[in-house]
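Read through the structure below, which is laid out as structure tokens, and then see the notes.
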Amino acid sequence: MMKFLERYHILLAQPYFLLLLLLLPLILWYFYREQKQRSVVFRISTTEGIKGIGKSWKVKWRPLLNVLRSIAFIAFVIALARPQKTNVSESIDSEGIDIVLSMDISGSMLAEDFKPNRLDAAKDNAIKFVDARATDRIGLVIFSGESFTQCPITIDHNVLKEQITAVKSGMLQDGTAIGDGLATAVNRLRDSKGKSKVIILMTDGINNLGKVGPELALEIAKAYHIKVYTIGIGTIGQALMPIPTPFGEKKEMVPVQIDEPLLKKIANETGGQYFRATGNSKLESIYQSIDKLEKTSVQVNAYKHYAELFFWFAFTGVVALVLEILLSLTVFRRLP
């Protein structure tokens, strides 16, 4: 019974009244004994003449009166225990952080020093990061030779994750425009009302294109008090890279060149940190570190609401009792 109550969020305000149910066997025994004492007994010399006579339907259904009495007694006892339906509502007060993921999607992000490649590893870890930031508004900017807002900052993380999944290398002009990637991300955050504004900028190259230089983008980020975490993604040395040729794609080992001094400067001057990801596990740990560094304050207030249910049990008891009395005085009436 208790499992049933828990399943449907029902509690009893005065559960000790349920002890009265222990009297039910005694009450049934009393009615049974009373019925036996009122039974008329007469003696006959032989039962041969009445062997073929079966019990009438009234005799067969008379135990229904005891069933109705039992239902009435149980219903009244439960009504005394005051069952209540509980409903819990929660109010979440969150000082959210507004975050923009600025992701390099240039051709070099297809290098296979990460499994299956840098871009897919970056996308997988970005989705995990989004899942860990349930109360934050997050957006996505992509860049290569130019930049584009793939998803404005939003609390609808399902939409955001769909946009992250849809990212492919080749969506934009090839190249590495770090300044444009940073400036576009700043533009998405400049009017933000969040407690804190954060950009996570990831690239595997050196700035070689773009309308906005990295130094100017850095000054704009500082002006809007935006913290930038930078990630250089790529192994140390050389990486296997797919190279398109007129005869199809071939793979070659190419040098990994990341402008670490620039990324460190951007991070240091905005209050962020620079990280170097040299493999899948390292990239995952970097996102976990950023998640710990940028904690969101969430306060959950729970409110319980109670709805009294005793009326329905009392009503059931009255109906069962009235029905038992009517049947005993009419259909199942017995002569003394």
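Of note:
- Long-range neighbours under 8 Å by Cβ, at least six apart or interchain, first residue closer than 11 Å to M202 by Cβ within region 106-123, second in a helix (DSSP H, G or I) and of a type in the set (S, T, N, Q): R118/S108; A121/N280; K123/T165
To keep it simple, each residue is scored yes or no on (1) part of a strand (DSSP E or B); (2) at pLDDT 90 or above.
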residue: E215; (1), (2): no, yes
residue: Y229; (1), (2): yes, yes
residue: L240; (1), (2): yes, yes
residue: L283; (1), (2): no, yes
residue: K292; (1), (2): no, yes
residue: I325; (1), (2): no, no
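- Residue, least open to solvent (accessible area, probe 1.4 Å), within region 1-28, restricted to residues that are aromatic (F, W, Y) and at pLDDT below 85: Y8
- Against the conditions (1) hydroxyl-bearing (S, T, Y); (2) part of a strand (DSSP E or B); (3) surrounded by fewer than 16 Cβ atoms within 10 Å (Cβ to Cβ), T165 satisfies every one except (2).
- Here the condition is being closer than 17 Å to L201 by Cα, in a loop (DSSP other than H, G, I, E, B) and of a type in the set (S, T, Y); of T149, T176, it holds for T176 alone.
- Condition check for G271: crowded, with 21+ Cβ neighbours inside 10 Å, among the small types (G, A, S) and at pLDDT 95 or above: no
- Applying the criterion of being outside any strand (DSSP E or B), more than 29 Å from the chain's Cα centre (by Cα) and touching a residue at least 40 places away in the same chain (Cβ under 8 Å) to the residues of region 179-207, the residue that is surrounded by the fewest Cβ atoms within 10 Å (Cβ to Cβ) is I206.
- Top-ranked residue in region 276-292 [being over 24 Å from the mean Cα position of the chain (by Cα) and charged (D, E, K, R); ranked as surrounded by the fewest Cβ atoms within 10 Å (Cβ to Cβ)]: K282
- The conditions of being part of a loop (DSSP other than H, G, I, E, B), more than 23 Å from L293 (Cβ to Cβ) and open to solvent by less than 90 Å² (accessible area, probe 1.4 Å) are not met by V254.
The values are calculated or read from the model by the stated rules, or taken from the named source; none is laboratory data. Note that the coordinates shown come from a computational prediction; the quantities given were computed from them, not determined experimentally. Positions of Cβ are backbone-derived with ideal geometry, glycine not excepted, and every protein chain shown enters the neighbour counts. Keep in mind that these areas ignore ligands, DNA and RNA; they rest on the heavy atoms of the full protein, side chains included. Shrake-Rupley method; radii C 1.70, N 1.55, O 1.52, S 1.80 Å.
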